[in-house]
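This report concerns only the one structure given below.
We did not get these values from a lab; they are worked out from the coordinates using the rules stated. In this text the structure is predicted, and so the values were computed from the model without any measurement. Cβ atoms come from the backbone with ideal geometry, glycine included; neighbour counts cover every protein chain shown.
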Amino acid sequence: MMSEADRKIAAGWLIAAERDRKPIVQLSKTFPDITIDDAYAISMLATRMREAAGAKIIGNKIGLTSKAMQASSQIDEPDYGTLHDYMMIADGAKVPHERFCVPRVEIELVFVLKSVLQGPGVGLLDVLRATEYVCPAMEIVDARVQNPRKIYDTVADNGAAAGLVMGGRPVGPMDIDLRWVSGILYRNSDIEETGVAAGVLGHPALGIAWLANKIGKFGARLEPGQVMLSGSFIRPIWAQKGDTVHADFGSLGGLAIQFV
């Protein structure tokens, strides 16, 4: 367990790494006794620092939602991070590659809430009832901590949250079977990854339910209007300068960005 002073130091390092685009040494090396509770506390401290500098919270991201990714990280549940307004990227935008350290791209579904969700006891149907609409998204994940990272490093680093692109065709949460939403991710002209949304805990809404119950233990809740990234159903792909990344969600449309 880390001291509060060390947590604040670590949060400051992560903020500087995000600002300067220079990954820091793994916190799990610098602080060998770090725990998951420490990592979430560091992430929250960094979030407060961003807010103090003018950033606004717009929602959350859920990660490590597949069994394979959890096994690779030696954990048995997902993780989460905070989304800020400066992370929003317009569909079709040209995005400076230098804005990130080592960007990768994932595809997933975004849930936009119309009512409060607060655990404990939030289930699949609660999430669907509380959702205004669902739409395709690409998430840019970045690492402000050097490789090889442990789960403590990723959690402390805001779950690697870095960018969010929303687009395609919004749908009501009960208008289609969200489990069977499929996605194809292209880099330039090549198909790099494909998947279906059921890869997220069996149903993407279950990622949102997990988060509501997780933060409900601390008296927190998910608010109306917030944007919830439900978790990727593909492996992330690397994005290099000059790459165009295009996500095709079939009947739900597509979205694309170019790294310049």
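Over the C-alpha trace of segment 56-259, radius of gyration and Dmax come out as 15.7, 47 angstrom. Between segment 233-260 and segment 115-162, what is the separation of their alpha carbon centroids in Å? Here the answer is 19 Å between Cα centres.
Phi angles of segment 13-24 translate, via the Karplus equation with coefficients 6.51, -1.76, 1.60 and θ = phi - 60°, into HN-Hα couplings of 4, 5, 4, 5, 5, 5, 5, 8, 6, 10, x, 8 Hz per residue; Gly and Pro are given as x.
Just checking the listed ones, 131, 35, 65: in the Gaussian network model of the chain with Cα springs under 10 Å, the one fluctuating most is 35.
Amide H contacts of residue 84: 58, each under 5 Å away and 5 or more positions distant or on a separate chain (H built 1.01 Å from N in the peptide plane; Pro and chain starts excluded). Taking amide hydrogens as placed 1.01 Å from N in the peptide plane, the amide H of residue 145 sits under 5 Å from those of 24, each at least 5 positions away in sequence or on another chain.
Under a Gaussian network description of the chain, with springs only between Cα atoms under 10 Å, the residue in 182, 28, 232 that fluctuates furthest is 28.
Among bridges DSSP assigns within the chain, what percent are antiparallel (round to 5)? Intermediate values should be presented prior to the final figure.
On the way: 43 of 51 bridges.
Beta bridges within the chain, antiparallel portion: roughly 85 percent.
Whole-Hz Karplus values for segment 81-88 come out as x, 9, 9, 10, 4, 6, 7, 5 Hz, taken residue by residue from phi with 6.51 cos²θ - 1.76 cosθ + 1.60 and θ = phi - 60°; glycine and proline positions read x. Gain on full extension, evaluated as 0.36 nm per residue between residue 22 and residue 244 minus their Cα-Cα distance, stands at 77.5 nm.
How about segment 153-260: which chymotrypsin sites (Phe, Trp or Tyr not before Pro) there are in a DSSP loop, with at most 14 other Cβ atoms within 10 Å of their Cβ? Filter output for segment 153-260: 218.
Can you give me the Kirkwood hydrodynamic radius for segment 74-115, using every pair of distinct Cα atoms, in Å to one decimal?
13.8 Å
If r is the Cβ-Cβ distance from residue 188 to residue 251 and R0 is 35 Å, what FRET efficiency results, to the nearest 0.05? Between residue 188 and residue 251 the formula returns 0.90. Given a 10 angstrom Cα cut-off, can you work out which residue in 16, 247, 143 is the most mobile in a GNM of the chain? Among 16, 247, 143, the largest mean-square fluctuation in the Gaussian network model of the chain belongs to 16.
A simple rule links phi to the HN-Hα coupling: the Karplus curve 6.51 cos²θ - 1.76 cosθ + 1.60 with θ = phi - 60°, which for segment 96-102 gives x, 4, 5, 5, 10, 7, 9 Hz, with x for Gly and Pro.
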